[in-house]
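Engineer: Just passing along the structure, written as structure tokens.
The values are calculated or read from the model by the stated rules, or taken from the named source; none is laboratory data. Quantities reported herein were computed from a predicted structural model and do not represent experimental measurements. Because the Cβ atoms are built from the backbone with ideal geometry, glycine has one as well, and the counts that use them run over all protein chains shown. The accessibility values were calculated without ligands, DNA or RNA, using every heavy atom of the protein model including side chains. Shrake-Rupley method; radii C 1.70, N 1.55, O 1.52, S 1.80 Å.
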Amino acid sequence: MTADLTGTYLTLDDGRPAIRFHRDYDHPIDRVWHFVTDPDELAGWFPARAEMDLRPGGAVTFSGDPGMADHPGRIIAVDPPRHLSFEWGGDELHFDLEALDDGRTRFTLTNVLVARDTAARNGAGWEVCLSALDAKARGDRFEGPHAGLGAPWQGFYEGYVAAGFPSGAAIPGADA
């Protein structure tokens with residue numbers, strides 16, 4: 001399978017590695033904000049259910065991710081409906097929303113990585129998650145991030161490795 005990769009690997013100004021994804025959705029910014037902040041909406045596309053106290057320093061409780069035990073996180077910054085960032089499993093996730101002139105919204109996800117070698121693994125995972133969000137935004141159903149290690153995740157992972165994204169991190173759920 002040849003996977004269409006949408007992520008970009010980058011080094012932030014402070015030297016930290018990150019991967020970034022962009023999407024445009026046919027929804028106003030408030031609707032896309034709801035996709036990002038409502039626990040029930042998130043559960044349909046994000047790797048874990050996330051209950052959030054939407055204020056800087058607020059708690060985030062993640063549950064239901066088969067690859068990671070339930071764990072807490074912390075809100076880093078929030079500016080409704082344009083920006084949300086929080087800690088998740090050592091990484092930082094930044095969601096930036098921009099209202100476009102035609103009632104659409106540009107969605108940008110930046111995953112600031114705790115370790116460079118997680119880039120290919122996380123990039124593949126986000127491709128699956130964002131495919132689920134894309135389907136949700138269209139009103140379609142998609143199995144989402146918990147469909148297991150089979151297709152399409154493997155194809156995305158192989159694509160990111162071939163594209164030179166740093167790799168080698170353990171893959172949750174894979175036999176060691």
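Engineer: I need the P(r) histogram for region 4-84: all alpha carbon pairs, bin width 10 Å from 0 out to the longest distance, whole percents.
Structural biologist: Answer for region 4-84: a P(r) of 16, 37, 42, 5 percent.
Engineer: Using the crude model of +1 on Lys and Arg Cβ and -1 on Asp and Glu Cβ, and no other charge, please compute the dipole size for region 1-124 relative to its Cα centre, in debye to 20.
Structural biologist: 260
Engineer: Please list, ordered by chain and number, the residues whose modelled amide H lies under 5 Å from the amide H of LEU100; skip anything fewer than 5 residues away on the same chain.
Structural biologist: Residues meeting the amide H criterion: THR105, ARG106.
Engineer: Also: Show me the three semi-axes of the equivalent ellipsoid for the chain, from the C-alpha gyration tensor (sqrt of 5 times each eigenvalue), largest first, rounded to whole Å.
Structural biologist: Working: eigenvalues 109, 71, 58 Å².
Here the semi-axes work out to 23, 19, 17 Å.
Engineer: Identify, among GLY168, CYS129, LEU12, the residue whose Cα sits farthest towards the positive end of the charge dipole of the chain, taking +1 on the Cβ of Lys and Arg and -1 on the Cβ of Asp and Glu, with the dipole about the Cα centre.
Structural biologist: GLY168
Engineer: Provide TYR25, TYR157, TYR9 ordered by accessible surface of protein heavy atoms (probe 1.4 Å), highest first.
Structural biologist: Per-residue accessible area, sorted high to low, gives TYR9, TYR157, TYR25.
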